[in-house]
Structures are given as structure tokens and as C-alpha cells.
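The values are calculated or read from the model by the stated rules, or taken from the named source; none is laboratory data. As the structure is a prediction and not an experimental result, all values here were calculated from the model. Here the Cβ positions follow ideal geometry from the backbone for every residue, glycine too, while neighbour counts run over all protein chains shown. In case anyone asks, the SASA skips ligands and DNA or RNA and just uses the protein heavy atoms, side chains included. Shrake-Rupley method; radii C 1.70, N 1.55, O 1.52, S 1.80 Å.
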Amino acid sequence: MADAQTVEADPPWEGLQGNELYAACLHAARAGDRAAMNRLVAELSPLLWHVARSNGLDRHAAEDVVQTVWLALFSHLQQLKDPRALAAWLITTARREAQRVHGRKIPPVPLTDELAENMPSDQPTPDGEALRSDRDRRLWSAFTKLPQRCQELLKLTVLAGRTEYRLVADALRMPHGSIGPTRGRCLIMMRGLLEREGGTA
């Protein structure tokens, strides 16, 4: 009984972080440890949620995507060749599933003229919308001109937040300490592109 309590109080992933934590939890999950599965879900679900939402899904569709990704993992626990690549695998799988779901979304039914005339609008004024659209166009134009590595890094750091830089490092296979400086250089590059875009507009 004492041994069982010791194991329970001190799981093999205790004190680990990042890839090492996920690998230890995955190994334990493969042996049937439900606590290890729960730890993986708690650690990585917020990131999967943001990946799904960033692909244009509403709350319910995003929840379905996150659930589908976890089911895919737990149905094929033995097949992931490199446990240390778990975070990257989950992010990639969530992105692909979200894009698949988004592609089959039913388009909204158009309003009739009568409904449109009588429905109060909470939309911005035409002038404000034009300014916002122009800003978004210039931002997106500058973003798409960045190197692919910068695009991936900025997407993931926005989604994961500063406190989860280690997840971004795991996903991109970069040293943890290089995420902040590299992100800074990418932002400087994007600012320069924006300034040139604004100057030619």
C-alpha cells in the first residue's frame, strides 16, 4: 500500500516541462495511466482550442475539433513515433481538422431586403469600416510577405501567449530561449513592411 501511495503522489512526470513532460505523460498513458492522459489534456487543450478558433470556427465547432484531436491521439497512442514531438503533432492535427471543418461550413442564409431594412445594425459606420478594412488589408499584406518561419512563429505566439513560449518552441523545434528574440526580429521586419506599404498607399 505504501508503494502504491508513493507512486500516486509522485508520478514520473513530476517536475518536468515541455517535451519531456509530454513524453513522460504519453509513455504513462500508453500503459493505461488515466492521470497521465488528464495531465496532457489539461496542459495542451488551451492551445488546441486557440488553433481551432483561429481558423474561423465558432465555439461549438472548435470544441468538436479539440475533442476529435484528442480522440485521434488516444485511439492511436502506440503509433506516435516520437513522443517528444507530441505538441507539434497535436497542433498540426488541430489545424488540419479545423480547416477541414471550416471548409464544409454551411453558408449563412441571406437576409431579405425587408428584414435587412428593419433590423437594427450594430456594425461600424461605413467610414470606420473602410479604415478598418484598409488597416487589416495592409497588416495581412505585410504578414504574407514575411518568411514562412516568421509567419508560423507569430501565429503560434499570438495563440499561445507569452507564458506558453515553451509550447511554441516545442512545436517549431527551436531553442526555448530563442523564441522571444526571434519574434522581436519578425515584428521589426513586419513593421518595416507596413511602413513601406503605408508609404505607397
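When the accessible area of the stretch 9-90 is computed with all protein chains present and a 1.4 Å probe, what percentage of it is carbon and sulfur?
Ligands and nucleic acids excluded, carbon and sulfur give 50 percent.
Step through the residues of the stretch 82-99 one at a time and calculate ³J(HN,Hα) from phi using the Karplus curve (6.51 cos²θ - 1.76 cosθ + 1.60, θ = phi - 60°), rounding each to whole Hz and writing x for Gly and Pro.
With the stated coefficients, the stretch 82-99 comes to 10, x, 6, 9, 4, 4, 5, 5, 5, 4, 5, 5, 5, 5, 5, 5, 5, 5 Hz.
Can you compute the FRET efficiency between Arg185 and Asp134 using 1/(1 + (r/R0)^6), with r the Cβ-Cβ distance and R0 = 22 Å? Round to the nearest 0.05.
Working from the Cβ atoms, E equals 0.25.
What length, rounded to one decimal in nm, is gained on full extension from Asp10 through to Ala42, with 0.36 nm per residue of separation minus their alpha-carbon distance?
9.7 nm
What nm value, rounded to one decimal, do you get for the distance between Ala31 and Asp82 when each label is placed 7 Å out toward the C-beta?
Distance between the two pseudo-spin positions: 2.4 nm.
Using θ = phi - 60° and the Karplus form 6.51 cos²θ - 1.76 cosθ + 1.60, what ³J(HN,Hα) does each residue of the stretch 41-48 get, whole Hz, x for Gly and Pro?
3J(HN,Hα) across the stretch 41-48, in whole Hz: 4, 5, 6, 10, 4, x, 5, 5.
Any idea of the accessible area per residue across the stretch 45-98, 1.4 Å probe, to the nearest Å²?
52 Å²
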